[in-house]
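Taking it in order: structure first as structure tokens, then the write-up.
Values quoted throughout were computed directly from the atomic coordinates according to the rules given, and no laboratory measurement underlies them. Everything numeric here is computed off the predicted structure, so don't read it as measured data. Virtual Cβ from ideal backbone geometry, glycine too; neighbours counted across all protein chains shown.
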Amino acid sequence: MSTPATHSPASAASPRVTGIEMQSVVLELGDGDRTVRALDDVSLSVTGGELVAVVGPSGAGKSSLLAVAGALAHPTAGTVKIHGRELATLSRKERTRFRLTEIGFVFQSGNLVPALTVADQLRLVRRLTTREPFDPMPLLESVGIAHKADRRPHELSGGERQRVGIARALVNSPSVLLVDEPTSALDRERSQEVVALLREETHASAVATIMVTHDHDVLHHCDRVLLMQDGGLQPHSAS
Amino acid sequence: MFLAVRSLSFQRGRFALVGLVISLLALLTVMLSGLATGLVNDGVSGLKGLPVSAFAFESGIQTDNAFSRSVVDKGQRDTWAGQTGIDQAELFGVSIVNTTSDTGEDIDLTLFGVEPDSFLLPKLGDGEQVGSVDGVVLSRTAADDGVKVGDTLTLDRVGTTLRVVGFTDKQDTFGHVDVGYLPLATWQYIASGMSAAGAPTDASVAAGAIDTASAIALRTADGGSLESAGVDVTAADEAAHTTTLSLTKAFGASPGYTAETATISLIQVFLYVITALVIGAFFTVWTVQRQHELAVLRAVGTPTGFLLRDGIAQAGFLLTAFTAVGVVVGLGFAAIMPAEAPFAIEAVPVVSAGLAMIILGLIGASLAVLRIARIEPATALGGQR
């Protein structure tokens, strides 16, 4: 990375809060007659305002890491804590609510709802938590997409869709932001813009961000880079 | 409805197509409902209008088409008249004849033979009441065919003539032909097969009459069922050698009634099933196509209940709106339906049919959108798709 850890978290002045803490996490998945260990004794701690990239070959366990960190899959062993809350203690309903309020997801290509305008993408997620009036414009302005608030996803470019995806993930001020291959459908210039935006929002919102990516050209924006290989996590030589 | 309304607007072409199918099914439902009501009216409106609690037929008679087969006599009527709970019992004659009017028009009639001073007399809309030996009171619908008071109708082959003396106040048909009320004695004279050409007279009727009829019309004091009036029907049937049917069950004793209503009902049931299947299939495909979008929504924390309610609300809106469109178009078709077609629109059958479509469609849609609950939110992540 050209500028490793040059972007100190915006919350640096305040005490650093651990956004997510994974301890000795193991995830075993069924694969036909055999069992595959998708995560093998993974430990990871990301503080608020920190952007951590996870790289690795396909099938190394990156998406499994996001699934466990995002309360979408139960680990076979180990513990996952977000904002001090142990995920294993949550019921199914509580996990759904927890994902809504404490975890933000940014998916490949944005994965927006085709029928909703940019502003409505944010309003929908907000309405699930509160019926109080909500103005999506400040958040859309912060990600540079306010001028297309009334457009639908098919009227946006790939980079614009990812900006909306980032704004949607931040609507409920989550503790953790989980980002899945955000540049997979973008050209080099748009990729740099999107990951730079992620870095800015991570620092500005003091959210703990884990970004899974294949794109090594964007790693210089990250505070830390980890390598996932055969289900295990280790420091990346570039970081 | 946040998502449902916006999806309906965004995918309006797709929803309009399935809406068109719903409207066509609703249109068919209205037409069938009108046909069913029209056929019932054509078949048994003459019976429906009678202030009768039940009919007693000849013992052991096959109940389908019993009015044409049954023969009862005055003695059996007297036995019924003596039963506890029976207020009135009268012989009732039913026969279908072909006639020709003064103008040479062929007019088929169901002759109802009733005692001139009995409770079976029809409500008069025009002319004179049943009484004169050669007089007949016709259904109002016969007037629509051009028959007038004072016209003469000649029975085919035998040449016996009847004078039109009045019309009832509504449609009175039986077996799809107009009813003509006439004195029981005249009916017996004609039914005996010994009637002569020309107008019946008191003398000819008295000479040629038989004392039998088709059934015994029974009435309780309040017009309710025999059972509610405390009549021991089984014992009375044994005593009078009769088989008794309530008024509504006696509808099935009219020509073709059971076959017609069963056919229409079967088609209606098929339409309801088709509606449920069409809506269920549409929402199944719709849900499958949105599977990844729904996985994303579930992953970001959208409760399953929210998505289920949204999907069912969407189906409910579609069904209600487009069923209403189909019903309105159906009512438009009904307005231009030829008068001679057996077709009648009544609010209750149409509303019931519309509601049945909506409810069964919602059941189909609900079964389809339940798939949402089985969508795994983790599939929203690229590597696990």
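Tabulated results
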| read-out | value |
| --- | --- |
| Around residue B:38: net Lys/Arg minus Asp/Glu count, Cβ-Cβ under 12 Å | -4 |
| Computed lengthening from residue B:341 to residue B:359, 0.36 nm per intervening residue step minus Cα-Cα distance | 3.5 nm |
| Stokes-Einstein translational diffusion, chain A - Kirkwood Rh over all Cα pairs, 0.692 mPa s, 37 °C, in µm²/s | 182 |
| 0 to 90° range, to nearest 10: angle between helix A:118-127 axis and chain A longest Cα axis | 60 |
| Centre separation in Å (Cα based) which lies between the range B:209-252 and the range B:307-340 | 43 |
| For A:64, B:70, B:9, B:246, order by how many other beta-carbon atoms lie within 10 Å, fewest first | B:9, B:246, B:70, A:64 |
| Per-residue Cβ neighbour rank within 10 angstrom, fewest leading, A:137, B:337 | A:137, B:337 |
| Exposure proxy ranking, count of Cβ atoms within 10 Å, fewest first, for B:257, B:272 | B:272, B:257 |
| DSSP-defined beta bridges in the protein assembly as shown - what % are antiparallel, rounded to 5 | 65 |
| Most mobile listed residue (B:115, B:293, B:346) in chain B, GNM with C-alpha springs under 10 Å | B:293 |
| Between 0 and 90°, nearest 10: helix B:257-289 axis offset from chain B longest Cα axis | 10 |
| Listed residues B:20, B:32, B:297, most fluctuating in chain B (Gaussian network, C-alpha, under 10 Å) | B:297 |
| Net charge over other residues, Cβ less than 12 angstrom from the Cβ of residue B:211 (K, R count +1; D, E count -1) | 0 |
| Relative contact order (%) - the range A:56-169, alpha-carbon pairs under 8 angstrom, separation at least six | 27 |
| Label-point separation, residue A:204 to residue B:235 (7 Å along Cα→Cβ), nm | 9.5 |
| Net charge contributed by nearby residues that have their C-beta within less than 13 Å of residue B:316 (K/R +1, D/E -1) | 0 |
| Relative contact order of the range A:89-228, pairs being alpha-carbon contacts under 8 Å that are 6 or more residues apart, as % | 29 |
| Once the Cα gyration tensor of the protein assembly as shown is diagonalised, semi-axes √(5λ) in Å | 86, 24, 17 |
| Degrees separating the helix B:347-369 axis from the principal Cα axis of chain B, which is the longest one | 30 |
| Shape category assigned to chain B from the gyration tensor of Cα positions, a/c cut at 1.5 | prolate |
| Set B:48/B:74; B:148/B:249; B:48/B:148; B:170/B:249 screened for pairs whose C-alpha atoms are more than 32 Å apart | B:148/B:249 |
